[in-house]
Amino acid sequence: MKAVFLKLITFIFVLSLIISCSDDPTDLGIGLIPEQDKLRNYSLMIQVTSDTTFLYRIKGITSTLTGFYRDVNSDSTLESRALIQFGGFTAIPKTTDTLSAVIKIPINYKFKNSAGNLKLNVHKLLLSWDAKTFTWDNCKVDSLYGSTPDTIFIKDINAADSILTIDVTPIVRGWVNDQIDLPNGIILIPDILESDIITGTRNSLDTMVVTYRDTANKTLKTLSFVATQQTFVANGANPQIDTVSFILAGVGYRTLMRFDISSIPRRASITQAIFEVTSDETSSLRNSYSHDSLIVSIARNDTFPYASIALGTICPKSSDSSRIFYSTDIKTLIQQWVVHEPNYGLILSAYGELTSFDRFAICNASSQDLSLRPKLKIKYTVLP
């Protein structure tokens, strides 16, 4: 019995020590802490001081999207050209008869509608290219491809279509006859008068199927090829609205926003920094294939086109009773500015910048309604 009593006393003693050692000071403890040693909490809202939309030519894409789209509301246009290269054609003897050669492009993306008209001029590429560095500007080189299409592809795209099958027999027949193992490939250029949809594959490899006849024994043979490289390049213009900034994937346009946080002391610890931009839904272009989010990053230099960025953070869509907006906590980014990183501004880009044509319209620094302008809602503590 005595042993049980001693254990009970010991338990009560230990419990009292734990309670007395709480991290939170009591009212008496708070009174003993000098004012200069107390942790101070602050909050403020900072509106954007300026914003600039700029063209950042994307590259290094492994998708093949092609076609043309015109926004009837603003008369702005989007044109996408696809480049594809295949190799290994010396596996087909020169003495054979090439009966057919078709490229198969899986359809897993469409813009803006699920159905439309597509007419492509198929040109043989005359110059070598690299998907990692090729941009729309490279299409301006006159000698890149011949002036006359080697073949033409026409198709009414409907919602059920899952593949584009493009006949390139005349082109492949020439490669086989000349025994070119790795030709430069082809470029698919949309006819802007007869096309009203952009479609193709993103993040999937195109294939080619060649059927030929052995002239010696008359047997039919088939060879399949997988693209050695593929990409698309696009061009387009945004609408011109003074109070709205546009972020356009695929081409792609980005927006630089600047905020003045000089009022925050360098010894501050950022506990929350909510970045928020309001969407102008009337001027936006998205569909069921959209990645409906933005990416916000810090600019690492002050030199156009602000290509050096870091700490990209996803900014998802939200809504309330009156508006659609994109918002996220970027306290890590703001802390960089406070501690050591120069404040060159925030870069906004589309989440699907490399695989879509989403257009985001956001109210900018010129918006007449101050509540719609981009803002930072910051909370921070200042260490004693």
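Cβ-to-Cβ counts within 10 Å put Val102, Val338, Val72 in ascending order as Val72, Val102, Val338, the fewest first. Charging the Cβ of each Asp and Glu at -1 and of each Lys and Arg at +1, and nothing else, the dipole of the stretch 183-300 about its Cα centre rounds to 700 debye.
Enclosing the Cα atoms of the chain in their convex hull gives a volume equal to 263 cubic angstrom per residue. What the phi angles of the stretch 231-238 give under the Karplus curve with 6.51, -1.76 and 1.60, with θ = phi - 60°, is a coupling list of 6, 9, 10, 9, 9, x, 10, 7 Hz, glycine and proline written as x. Looking at the square roots a ≥ b ≥ c of the eigenvalues of the Cα gyration tensor of the stretch 87-150, which shape do they give, rounded for a/c under 1.5, prolate if a/b is larger than b/c, or oblate? Taking the square roots of the gyration eigenvalues as a ≥ b ≥ c, the stretch 87-150 is oblate. Which of the listed residues, Ile270, Phe357, Val382, is farthest toward the dipole's positive end in the stretch 235-384, when Lys, Arg count +1 and Asp, Glu count -1 at the beta-carbon? Ranked along the dipole, the leading option is Val382.
Sorting 269-278, 228-237 by their mean Cβ neighbour count within 10 Å, with the most densely packed peptide first, gives 228-237, 269-278. Toward the positive end of the charge dipole of the stretch 64-235, with +1 on the Cβ of Lys and Arg and -1 on the Cβ of Asp and Glu, the farthest Cα among Trp129, Ile186, Ile163 is that of Ile163.
Length gain on complete extension for the stretch Asp142 to Leu205, per 0.36 nm per residue less the alpha carbon to alpha carbon distance?
Numbers: separation 63, 0.36 × 63 = 22.68 nm, distance 2.79 nm.
The span from Asp142 to Leu205 would gain 19.9 nm if fully extended.
Computed extension gain for Asn108 through Thr219, at 0.36 nm per residue and net of the alpha carbon distance, reaches 36.4 nm.
Mean residue ellipticity at 222 nm, helices only, the chain: -3500 deg cm²/dmol; runs of at least 4 DSSP H residues each add -39,500 (n - 2.57), and the sum is divided by the number of residues. Equivalent-ellipsoid semi-axes for the stretch 253-316 (Cα gyration tensor, √(5λ), whole Å, largest first): 27, 16, 12. Given R₀ = 35 Å, what would the calculated FRET efficiency be for Ser318 paired with Leu193, taking r from the Cβ atoms and rounding to 0.05? Efficiency computed from Cβ-Cβ geometry: 0.30.
Across the stretch 285-291, rounded Karplus estimates of 3J(HN,Hα) from the backbone phi angles (6.51 cos²θ - 1.76 cosθ + 1.60, θ = phi - 60°) give 10, 9, 8, 5, 8, 6, 8 Hz, Gly and Pro being marked x. Taking amide H atoms as placed 1.01 Å from N in the peptide plane, the amide H of Gln272 lies under 5 Å from those of Lys379, each 5 or more residues away in sequence or on another chain.
Remark on Ala237: its backbone amide H falls under 5 Å from those of Thr77, a criterion applied only to residues 5 or more positions apart or on other chains, H modelled at 1.01 Å from N. Inter-label distance, Gln272 to Thr95: 8.0 nm, where each label sits 7 Å from its Cα along the C-beta direction. When only the Cβ of Lys, Arg, Asp and Glu is charged (+1, +1, -1, -1), the dipole of the chain relative to its Cα centre reaches about 860 debye.
Of interest is the spacing of the C-alpha centroids, which for the stretch 351-371 and the stretch 50-67 amounts to 15 Å.
Between Cys315 and Leu294, Ile295, Val296, the built amide H atoms are under 5 Å apart, and every one of these is 5 or more places off in sequence or on another chain.
Helix by helix, which DSSP H runs in the chain go 18 Å or more along their axis at the Cα atoms and have an average Kyte-Doolittle hydropathy of -1.0 or more? Helices meeting the criterion: 2-20. The lysines whose alpha-carbon is closer than 21 Å to the alpha-carbon of Lys317, local same-chain residues fewer than 8 away aside, are Lys112, Lys331, Lys375, Lys377. Each residue in Asp358, Asp196, Asp260 was given a count of other beta-carbon atoms within 10 angstrom of its own, and listing them fewest first yields Asp260, Asp196, Asp358. Our note on the geometry: Cα centres of the stretch 233-251 and the stretch 267-301, 16 Å apart. For the stretch 317-322, 3J(HN,Hα) computed residue by residue from phi via the Karplus equation (6.51, -1.76, 1.60; θ = phi - 60°) reads 7, 9, 7, 10, 5, 10 Hz, glycine and proline entered as x. When exposed loop sites are taken as trypsin sites (Lys or Arg not before Pro) in a DSSP loop with at most 12 other Cβ atoms within 10 Å, the longest stretch of the chain clear of them is 268-384. FRET efficiency for the pair His340 and Leu370, taken as 1/(1 + (r/R0)^6) with r the Cβ-Cβ distance and R0 = 35 Å, rounds to 0.65.
Throughout, read-outs are computed from the coordinates displayed, never taken from laboratory work. On a predicted model such as this, the values are computed, not experimentally measured, just so you know. All Cβ positions, even for glycine, are placed from backbone atoms using ideal geometry, and neighbour counts span all protein chains on display.
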